[in-house]
Amino acid sequence: MHWSNSVPNSLSTSVKSLLIDGKNVCNQENTFDSINPATGETNYRVSIADERHVAVAVASAKDAVSEPAWRTMLPHIRARILARMSAIMESRSDELARLQMIENGKVWSECKAQVASAAATFRYYAAVCETLGSEVTPSRGDYLSMTAYEPYGVVAAITPWNSPLTMEAQKVAPALAAGNAVILKPSEVTPSVGLMLGEIALEAGLPPGLLNVLTGDGAVTGNALINHPDVRMISFTGGTATGRNIAVTAAQRLIPVALELGGKSPHIIFADANIDAAVEGIVGGIFEGSGQSCVAGSRLFVQRSVYGKVVDALVARVSKFRVDLPDAEGAEMGPLASFPHRDRVERFVAIAKDEGGKVLVGGERPQGSQFDKGAFYLPTIIDGLTNQATAVREEIFGPVLCVLPFEDESDLVAQANDTNFGLASGIWTANYQRAWRVARALETGLVWINTYKQLSISTPFGGFKDSGIGREKGINGVRLYQQSKGIYWSMNPLNMPH
């Protein structure tokens, strides 16, 4: 391995380096290409971390987290580093947004908004780090009992390609606030945001080794990381199948794991809803980010008495939905994140047709010279399927909305809960009592009422059933990366030295 002696260089080099112990490590012999999904062009080559790199990175992280300078750093000092990271992210907003845009095709406005969200996440956890206390517990004898919270040590954070700006901040900020060292493995589709985050951390004053960034695929880099004996906690966001495999490894190793996985979220419109507002909520809930969101409202349940009215309004709105190059002014949706992923979405639409589905709008690639070289696909609405259809039951993770009617509240709840997933849901109704009943009945970790995709870093986030284990965000987002310790102090004077 070739090690440079300087802090990470600009991300404009032809081969992106790994970040290990504050240094660039370039693996020229083993790389992959980063492809711009809007143009099909190669952005650059990226180093792949193999078992040797993982071993060095984990060793440096273990050493760094054990150093008194970090282990005993006062919370308000640690908070300053996180706050500086937030400020630097804001100052480099355009650069970070562009990296995400050219790697996963999100439109520019969404990328900019996600930079702001990521910076706010670091700022929030700086505040939590500085103010979070522990507990003195009720004693049951002549003693003082209390709870202390300790970091796990080395945390592996594995993030997806759909929203690297927010997902990586959501893991790295609380894990560092909790006192851990973090090894970040970004998706091979979107490697550069994580690399820049590592660069920003060093600029903000984070000691080397506390945030290492290893690029590569799951089979090589990811497996080596989750199986390393000195990795003491795993945090993963991604597909349910991969999450299940990671959970098996964590169980065998007896280490904690946090899993934020897939979804097939029900989005519900009752007859008394504000239809115009609901339609806008539905469109944003599924087609923002090209539908590549774990909380995308991909199953739309509409009360039968207004089914035709809602479907007509949706088709009219989506027919005018602007698909374009991600940096085009006014673009509402860019390409899918990769060409293989577009192929996957197309297969699901074909299966839906075979199973009796009717494509009301979309269902094909857009026409036009600006789309010829990119992984574009039109926003698609399908009806005529049952709740047992493949496209209704499996996570497509693309701009495909399946619309189904329901009769009444009990029918709705039965259909909405008839899924292996349980991440998010949305309800549109003027009846607050019904909204409360349905919200409590839905088996999802997140419920929106008369809104959708309204997110806050201060509110816990996670899923039921196959949608995951654990809760990120909020104050308890720090506790996710800590282990509790009970401490007892005898108050009996006879036990004190004389």
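For the reader, a short list of remarks on this structure follows.
- Annotation for segment 80-117 versus segment 288-348: alpha-carbon center distance of 24 Å.
- Mean sequence separation of contacting Cα pairs (under 8 Å, at least six apart), scaled by the length of segment 111-242, corresponds to a relative contact order of 27 percent.
- At 1.306 mPa s and 10 °C, Stokes diffusion of the chain via Kirkwood alpha-carbon radius, µm² per second: 67 µm²/s
- The spacing between segment 11-41 and segment 175-202, judged by their C-alpha centroids, is 15 Å.
- Share antiparallel - DSSP beta bridges, segment 266-449, percent rounded to 5: 15 percent
- Dipole magnitude (debye, nearest 20) for segment 266-449, charges at Cβ of Lys, Arg, Asp, Glu: 60 debye
- Coupling constants for segment 302-308 follow from the phi torsions by the Karplus curve (6.51 cos²θ - 1.76 cosθ + 1.60, θ = phi - 60°), and in residue order they are 10, 4, 4, 5, 10, 4, x Hz; glycine and proline get x.
- Label zone of Asn492 (point 7 Å out along Cα→Cβ, amide N under 14 Å): in segment 123-153 this covers 140-144.
- Entries of Lys309/Lys358; Lys23/Lys62; Lys16/Lys185; Lys106/Lys465; Lys373/Lys453; Lys320/Lys353 with Cα pairs more than 20 Å apart: Lys106/Lys465; Lys373/Lys453; Lys320/Lys353
- Quarter of the Cα convex hull surface for segment 23-65, i.e. its orientation-mean projected area (nm²): 4.1 nm²
- With R₀ fixed at 51 Å, the C-beta to C-beta distance from Gln483 to Asp312 puts the FRET efficiency at about 0.40.
- Seen from a random direction on average, the alpha-carbon convex hull of segment 268-335 projects onto 4.7 square nanometres.
- When the charge dipole of the chain is built from unit charges on Cβ atoms (+1 for Lys and Arg, -1 for Asp and Glu) and taken about the Cα centre, the candidate among Met101, Gln482, Met167 whose Cα reaches farthest toward its positive end is Gln482.
- Per residue, the convex hull spanned by the Cα atoms of segment 397-461 amounts to 118 cubic angstrom.
- Electrostatic bookkeeping for Pro326 treats Lys and Arg as +1 and Asp and Glu as -1; over the other residues with beta carbon under 12 Å from its beta carbon, the sum is -2.
- Amide H contacts under 5 Å for Glu41, placed H, 5+ residues apart: Asn36
- Extension gain from Thr42 to Thr72, taking 0.36 nm per residue of separation minus the Cα-Cα distance: 6.3 nm
- Exposure proxy order (Cβ contacts within 10 Å, fewest to most) of Leu412, Leu165: Leu412, Leu165
- When the alpha-carbon atoms of segment 236-289 are used, the pair Rg, Dmax equals 17.7, 52 angstrom.
- Contact order relative to length of segment 266-449, as percent, for alpha carbon pairs under 8 angstrom and 6 or more apart: 28 percent
- The alpha-carbon atoms of segment 266-449, seen along their principal axes, cover 51, 32, 29 angstrom, with the largest extent given first.
Where a number appears in this text, it was derived from the coordinates with a stated rule and is not lab data. It should be emphasised that the depicted structure is a prediction, and the values quoted were computed from it without experimental measurement. Positions of Cβ are backbone-derived with ideal geometry, glycine not excepted, and every protein chain shown enters the neighbour counts.
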